[in-house]
Amino acid sequence: MDFNYTEEQTMLRDSLSRYLANTYDFDSRQKVVREGKGWNPAVWTAFAEELGILCAPFSEAHGGLGGGAVENMVVMEELGRAIVLEPYLSTVVIGGGALKAVGGAIADELIPGIIAGNVRIAFAAYEPQGRFHLNDVSTTLKAGQLNGHKAVVEHASNATHLLVTARTGGAQRDTSGIALLLIPADAAGITRRDYLTVHGTSASEVYFENVAVGDAHVLAADALPLVERIVDEATVALCAEACGVLKVLHAQTLDYAKQRKQFGKAIGDFQVIQHRLVDMFMEVEQAVSMTMMATLKLDSDERAAAVSMAKAKVGKAAKFVGQNAVQIHGGIGITQELAVGHYFKRATLIENQFGSVDFHLSRYENLTLAA
Amino acid sequence: MDLNFSAADVAFREEVRAFIRDSYPAWLHEKIDEGEEMAKEDFLAWHKILHQKGWIAPAWPVEYGGTGWTATQRYIWSEETARADCVRLMPFGLSMVGPVIYTFGTPEQKAKFLPRILSGEDWWCQGYSEPGSGSDLASLRTRAERFTGEDGKEYYRVNGQKTWTTMAQHADWGFFLVRTDPTAKMQEGISFLLIDMKTPGITVRPIITLGGEHEVNEVWLEDVIVPVENRVFHENKGWTCAKFLLAHERTGIAGVAASKRNVERIKQVARQTQDGADSLLANPFFKRKVAELEVDLAALEYTELRTLAGESAGKGPGPESSLLKIKGTEIQQRLTELALEAAGTYGAPYFRSMGEGDNSFAVGPDSARRVAPVYFNMRKTSIYGGSNEIQRNIIAKMVLGL
Ligand SMILES: Cc1cc2nc3c(=O)[nH]c(=O)nc-3n(C[C@H](O)[C@H](O)[C@H](O)COP(=O)(O)OP(=O)(O)OC[C@H]3O[C@@H](n4cnc5c(N)ncnc54)[C@H](O)[C@@H]3O)c2cc1C
Ligand SMILES: Cc1cc2nc3c(=O)[nH]c(=O)nc-3n(C[C@H](O)[C@H](O)[C@H](O)COP(=O)(O)OP(=O)(O)OC[C@H]3O[C@@H](n4cnc5c(N)ncnc54)[C@H](O)[C@@H]3O)c2cc1C
């Protein structure tokens, strides 16, 4: 058993952490949010060229570091610490994950582009009626034509490619008959309505109308098991992001509790505040443990159950730590002025992303507790 | 003991329903449904209709403009206005400074201010909190020095900073706690002043909250001159008024009727939301959470009714009202959690309001619009009006004797 990072992983973490501390402070981030594009292309270029983090989970043959899920975890936690807007999750973890899984010519063509920062991928799987169910797909691919509507596709507005699930056969919620496609984001017949999300990234409603899709664009037919695996990997990466977000929420709140004085003493002197901070601390520690556990089980038979356990625990932690961080800050916690409120927003959205606590508890039940 | 309404109460309820149906402005419903930001006149539209009808201040004594309703009738009134989604009335005049003035004010103060509170002519704000004095309100430092003016009259010169002042951007008048005797121990040297917000030396600056709202403000006071006749009650005895008002503020804060309405709304949304092959309300996890909320809400409701019965038997709102504040706000917050959860993926898009900005087109179901900002915004309820930690301290000390 080993929970330590290798030397390379430690270096990856430290260089990213240093870069973000120097360039991605709260004010710079908020400036990007106010500009309303949902990301900063210059940061992405720096990720590719200066830091080289976009190559972390790819094989050396593709120009990568030869890493995998642990590298994604390392990177995502640091991105969470700075509530980074840029699309590492959708491009590197999800898009890159899909390409690594299918391999072949398309992977050879596009992975170097991801590493160079030129290829950016948005994940268009969830549908308006589908809630968190990846099998609930009414978008269709028939006779080479794609039609349908995908909901809240994060970073579609800055993507070069869309990773799309579409039904080639069966009924709307069948688990078979779902294909996974990778198509150019500017293909004829694709329209978008772009908007900002509550934590400052951009997202879109994406509509397909008779989009021509050739065989070369089909990554996998009957792809639901693959899609679930990709989303499990993404969910664990999201849990790692959450760990970064929650650690900062806890640290800032602890700091504030030591400084803020009421009734002639620091509010951290009140036992109720102390115990609350201890409970938050315990939630963060368990979130970290579960994220590591699930990351290390991604290649095992227990993958799905482990990921759902982790996400259920992290989702609860996100709610508890986020809400109490605001509570202990008092009035200043609910303003736009302090970073803590923005970390709280990100923590809150993570709760439902890739499935709520309830969704993952029932998935865990279905996988392991058959009566 | 009897849980049933009398025939007279039932008749009253019908009268209230008919009145709301006939008089509540339809455009106001539309504006709220669209999630549009409310202007001052929007808040006041319903206020003015109620004033005309004579129903604007059911809780006030009849001699000052109250309705003379029984506690049950007042309960029916709040139920029915919530059920019909009527816009919330601003509490600062009607529920806060109004009762202070008719309880502690001079005849001149009553004559000058009460009618204008009832008519909605004056919009009030509450200047209590300061950057260094939130939970520990009695440590407040805004200073009021007394002097005799060139006209021979007595004045205060006020200097200091207030913060979190809700809706001060609209306010005509504010009621302020200020320190008139810096040598006295904390609670002793405080006075309660009514200040015209147009007085020179007052600066109001917005604070933007997490959902993007402009709801609270900083209020700076620099050499603000206030006539002594605008002080309510004795000099250095303002804390008496402040405490009286805080207890009033806490009872209203339970919000039972509005929460009941919101439970219904969430059930309806969950019924219409698809979750796999079924509706979200058929999801056993979600359904259980709704059931638990309904149980807790009933417990709050019957606790409030017991408290009200005690009040109409002559006991003023006591420290028990802290219980209503804690449980009421926890329920309000849980409702926003459920609404956000019900929205699923569509909780993420950010809407300022329809008709402006990037997100001026509909994304996802109407019910999902603004659920996240509302969730963020409602975190305030366990912080303001005395935080829920402070309320627990009050119960520990005043009720349990710890
Ligand atoms: C099954 C069992 C086995 C045990 N075995 C052993 C043993 O093998 N050897 C041994 O030496 N002892 C043993 N103990 C004793 C145990 O260590 C004591 O019960 C424990 O230290 C608590 O002390 P107390 O019972 O006097 O409760 P108290 O100390 O009087 O505490 C009463 C309550 O007050 C709370 N409290 C006290 N101080 C604070 C504070 N500062 N802040 C907040 N809350 C506070 C406590 O948490 C508790 O809820 C055992 C006890 C039990 C129940
Ligand atoms: C949206 C909003 C609207 C408001 N409107 C108004 C208004 O119109 N007028 C006005 O005057 N004020 C208003 N307030 C201010 C409100 O009353 C204060 O925010 C509140 O009293 C808490 O003070 P604080 O924010 O300084 O937090 P602090 O007092 O600094 O509290 C920080 C944390 O410490 C905890 N804490 C403090 N003391 C103790 C203790 N002894 N034991 C245990 N825990 C403790 C608190 O519970 C809280 O969790 C408003 C606040 C908000 C958020």
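The values are calculated or read from the model by the stated rules, or taken from the named source; none is laboratory data. All values reported here derive from a predicted model rather than from experimental measurement. Cβ placement follows ideal geometry from the backbone for every residue including glycine, while neighbour counts extend to all protein chains displayed. Calculation scope for accessible area: heavy atoms of the full protein, side chains included, ligands and nucleic acids excluded. Shrake-Rupley method; radii C 1.70, N 1.55, O 1.52, S 1.80 Å.
Can you give me the number of residues within segment A:249-269 that are open to solvent by 30 Å² or more (accessible area, probe 1.4 Å), more than 10 Å from chain B (Cβ to nearest Cβ) and either more than 12 Å from ligand 2 (Cβ to nearest atom) or within 30 Å of residue A:79 (Cβ to Cβ) (or both)? So the answer is 7. Report yes if residue A:326 is at negative phi, more than 9 Å from chain B (Cβ to nearest Cβ) and assigned to a helix (DSSP H, G or I), otherwise no. Against the criterion (at negative phi, more than 9 Å from chain B (Cβ to nearest Cβ) and assigned to a helix (DSSP H, G or I)), residue A:326 does not qualify.
Only strands (runs of 3 or more DSSP E) whose full extent lies in segment B:158-231 are considered here, and the ones with at least 3 residues that are more than 10 Å from ligand 2 (Cβ to nearest atom) and closer than 25 Å to residue A:344 by Cβ are B:202-208.
Set side by side, the residues B:182, B:206 differ, and just one is in contact with a Gly (Cβ under 7 Å, 6 or more places away or on another chain) and not hydroxyl-bearing (Ser, Thr, Tyr), which is B:182. Which residues, counting only those in segment B:89-119, are over 19 Å from the mean Cα position of the chain (by Cα) and either in the same structural domain as residue B:52 (by TED's automatic domain parsing) or among the β-branched types (Val, Ile, Thr) (or both)? Listed by number, the residues that qualify are B:103, B:106. In the condition set (1) closer than 25 Å to residue A:31 by Cα; (2) modelled with pLDDT of 95 or more; (3) in a loop (DSSP other than H, G, I, E, B), residue A:337 is compliant with all but (2). With respect to the conditions (1) part of a loop (DSSP other than H, G, I, E, B); (2) surrounded by 19 or more Cβ atoms within 10 Å (Cβ to Cβ), residue B:152 lacks only one, and its number is (2).
For residue B:238, state whether it is within 14 Å of chain A (Cβ to nearest Cβ) and touching a Lys or Arg at 6+ places or on another chain (Cβ under 9 Å). Spelling it out, it is not the case that residue B:238 is within 14 Å of chain A (Cβ to nearest Cβ) and touching a Lys or Arg at 6+ places or on another chain (Cβ under 9 Å). Is segment B:105-120 home to any residue that is part of a loop (DSSP other than H, G, I, E, B), within 14 Å of chain A (Cβ to nearest Cβ) and touching an Asp or Glu at 6+ places or on another chain (Cβ under 8 Å)? No, segment B:105-120 contains no residue that is part of a loop (DSSP other than H, G, I, E, B), within 14 Å of chain A (Cβ to nearest Cβ) and touching an Asp or Glu at 6+ places or on another chain (Cβ under 8 Å).
Just a yes or no: is a residue in segment A:354-370 among the hydrophobic types (A, V, I, L, M, F, W, C) and closer than 25 Å to residue A:254 by Cα? Within segment A:354-370, not a single residue is among the hydrophobic types (A, V, I, L, M, F, W, C) and closer than 25 Å to residue A:254 by Cα. In the set (1) over 20 Å from the mean Cα position of the chain (by Cα); (2) within 10 Å of chain B (Cβ to nearest Cβ), residue A:279 fails one condition alone, (2). Against the condition in a loop (DSSP other than H, G, I, E, B), open to solvent by less than 20 Å² (accessible area, probe 1.4 Å) and farther than 20 Å from residue B:9 by Cβ, how does residue B:46 come out, does it pass? Considered against the rule, which asks whether it is in a loop (DSSP other than H, G, I, E, B), open to solvent by less than 20 Å² (accessible area, probe 1.4 Å) and farther than 20 Å from residue B:9 by Cβ, residue B:46 comes out as no.
Restricting attention to segment B:343-356, and to residues there that are more than 9 Å from every other protein chain (Cβ to nearest Cβ) and open to solvent by 40 Å² or more (accessible area, probe 1.4 Å), which single residue is modelled with the lowest pLDDT? Result: B:355.
Taking the conditions (1) in contact with a strand residue (DSSP E or B) (Cβ under 8 Å, 6 or more places away or on another chain); (2) closer than 26 Å to residue A:195 by Cβ; (3) open to solvent by 10 Å² or more (accessible area, probe 1.4 Å) in turn, residue A:102 satisfies each one other than (2).
Open to solvent by less than 40 Å² (accessible area, probe 1.4 Å), more than 14 Å from every other protein chain (Cβ to nearest Cβ) and under 24 Å from residue B:350 (Cα atoms), is that true of residue A:203?
When the stated conditions are applied, residue A:203 does not pass them.
Does residue B:21 meet the test of being part of a helix (DSSP H, G or I), modelled with pLDDT of 95 or more and under 30 Å from residue B:362 (Cβ atoms)? So residue B:21 passes the test.
From the list A:351, A:302, A:285, the one residue that fits, being within 14 Å of chain B (Cβ to nearest Cβ) and either open to solvent by 20 Å² or more (accessible area, probe 1.4 Å) or modelled with pLDDT of 95 or more (or both), is A:351.
When residues of segment A:269-305 are filtered for being farther than 20 Å from residue A:347 by Cα and in a helix (DSSP H, G or I), how many remain? Steps first, please.
The first filter runs over segment A:269-305 and keeps only residues farther than 20 Å from residue A:347 by Cα, leaving A:269-275, A:293, A:296-305.
Now narrow it down to the ones that are in a helix (DSSP H, G or I): A:269, A:271-275, A:293, A:296, A:303-305.
Here the count works out to 11.
Does segment B:229-241 contain any residue that is open to solvent by 50 Å² or more (accessible area, probe 1.4 Å), touching a Gly at 6+ places or on another chain (Cβ under 9 Å) and on the phi > 0 side of the Ramachandran plot? Yes, some residue in segment B:229-241 is open to solvent by 50 Å² or more (accessible area, probe 1.4 Å), touching a Gly at 6+ places or on another chain (Cβ under 9 Å) and on the phi > 0 side of the Ramachandran plot. The residue list A:345, A:313 contains one member that is part of a helix (DSSP H, G or I) and open to solvent by 40 Å² or more (accessible area, probe 1.4 Å), which is A:313.
Residues that are open to solvent by 10 Å² or more (accessible area, probe 1.4 Å), of a type in the set (Ser, Thr, Tyr) and outside any helix (DSSP H, G or I) were ranked within segment B:133-149; the one that is farthest from ligand 2 (Cβ to nearest atom) is B:148. Of the numbered criteria (1) touching a Ser or Thr at 6+ places or on another chain (Cβ under 8 Å); (2) assigned to a loop (DSSP other than H, G, I, E, B), the one residue A:100 fails is (2).
Among the residues of segment A:29-39, is there at least one that is surrounded by fewer than 24 Cβ atoms within 10 Å (Cβ to Cβ), outside the structural domain of residue A:243 (by TED's automatic domain parsing), at pLDDT 95 or above and under 21 Å from residue A:161 (Cβ atoms)? Checked segment A:29-39: at least one residue is surrounded by fewer than 24 Cβ atoms within 10 Å (Cβ to Cβ), outside the structural domain of residue A:243 (by TED's automatic domain parsing), at pLDDT 95 or above and under 21 Å from residue A:161 (Cβ atoms).
So, of the residues in segment A:105-122 that are surrounded by fewer than 17 Cβ atoms within 10 Å (Cβ to Cβ) and farther than 20 Å from residue A:71 by Cβ, which turns out to be nearest to the chain's Cα centre (by Cα)? Ranking the candidates gives A:118 first.
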